[in-house]
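Below is one structure, written out as C-alpha cells; comments come after it.
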Ligand code: MN
C-alpha cells in the first residue's frame, strides 16, 4: 500500500539508510550568474536589503528584502523560459503539476571528459553506452550531467574568455534523444545554464534550451554534489517557487539517496 511505502521511506530516513544530499549552492550576492552577450538585457544577481535586524526598524525580528533574477544560483527552468515553449500548456512555474517536482535521477559521469575538454558535449552514443551499464532511462527521470564543474571556484566557474564562456553541455542530438525518445522530466547540470558555454554560437543557438523547453521539459542549473549520487537509485526533489507566470525560480534541490 502507498501509505506503507511512505512509512518505510520515513523510517529509512530516520534511521539513516536513506540520506538527503543537498544539490544546491549557497545563494549569495557573489553567486555566479550567466552573462549574455552585451546586446541583450542581463539578469540581476542576488542583492539583500535588511528590513530590520533587532533594531529600531524592528526590535524583535530580522528579515530581508531580496532582488534577484529568476535564474539565479541553483534554479529551475520552466518551458516558457524559451520561445519554443512559450505556447505550451502548463509551461510556467505556477501551472506545472507539482507531481513533476519529484523524479528519479539518472546520473551520467562526464567529469573526466569535462576536465580534459571544457567544451565537452554529451552525445546520444554516450547516453546509450550509459544505458548498457545502468538500464534504460525511465520516463519522468531527471538526467543529471555530472561534470564536477561545481567544484570550480572564482572565474574558473563561468570560464569566460575572449571567445565567450567555455563549459560543458549537450549536443543537440542528445537533447532531442532525451526529450523525445526517453521523455525525461529534463536535464540537470552543474554549470550556470543547461547549455554549453559556447552554445550561443551553435545552430540553433542554445539547442538544449530550445529542444527541451519546446518539448515541455525542464532544466536544473548550478547543481552541486552530483558526485555523491549513484548512477541510478536516487530521487530528486526540486520544487520551484509558485511565481505567477514565472519562467523559472531559485530552488532548493535535494536528492534522497540509499546508503
Ligand atoms: Mn535558467
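The values are calculated or read from the model by the stated rules, or taken from the named source; none is laboratory data. These figures come from a predicted structure and were not determined experimentally. Cβ placement follows ideal geometry from the backbone for every residue including glycine, while neighbour counts extend to all protein chains displayed.
Observations, loosely collected:
- Wholly enclosed helices (runs of 4 or more DSSP H) of region 128-224 bearing at least 3 residues within 14 Å of the ligand (Cβ to nearest atom) and under 18 Å from the mean Cα position of the chain (by Cα): 207-214
- Residue among 110, 114 that is buried (at least 19 other Cβ atoms within 10 Å of the Cβ), touching a helix residue (DSSP H, G or I) at 6+ places or on another chain (Cβ under 7 Å) and without any contact (Cβ under 8 Å) to a residue 60 or more places away in the chain: 114
- Looking only at region 225-254, and only at residues there that are within 16 Å of the ligand (Cβ to nearest atom) and either outside any loop (DSSP other than H, G, I, E, B) or at pLDDT below 95 (or both), the one that is farthest from residue 89 (Cα to Cα): 250
- Given (1) under 25 Å from residue 22 (Cα atoms); (2) assigned to a loop (DSSP other than H, G, I, E, B); (3) over 16 Å from the mean Cα position of the chain (by Cα), number of the condition residue 257 does not satisfy: (2)
- In region 46-63, the residue that is farthest from residue 33 (Cα to Cα) out of those that are within 28 Å of the chain's Cα centre (by Cα) and without any contact (Cβ under 8 Å) to a residue 24 or more places away in the chain is 63.
- Looking only at region 35-44, and only at residues there that are modelled with pLDDT of 95 or more and under 20 Å from the mean Cα position of the chain (by Cα), the one that is nearest to residue 66 (Cα to Cα): 44
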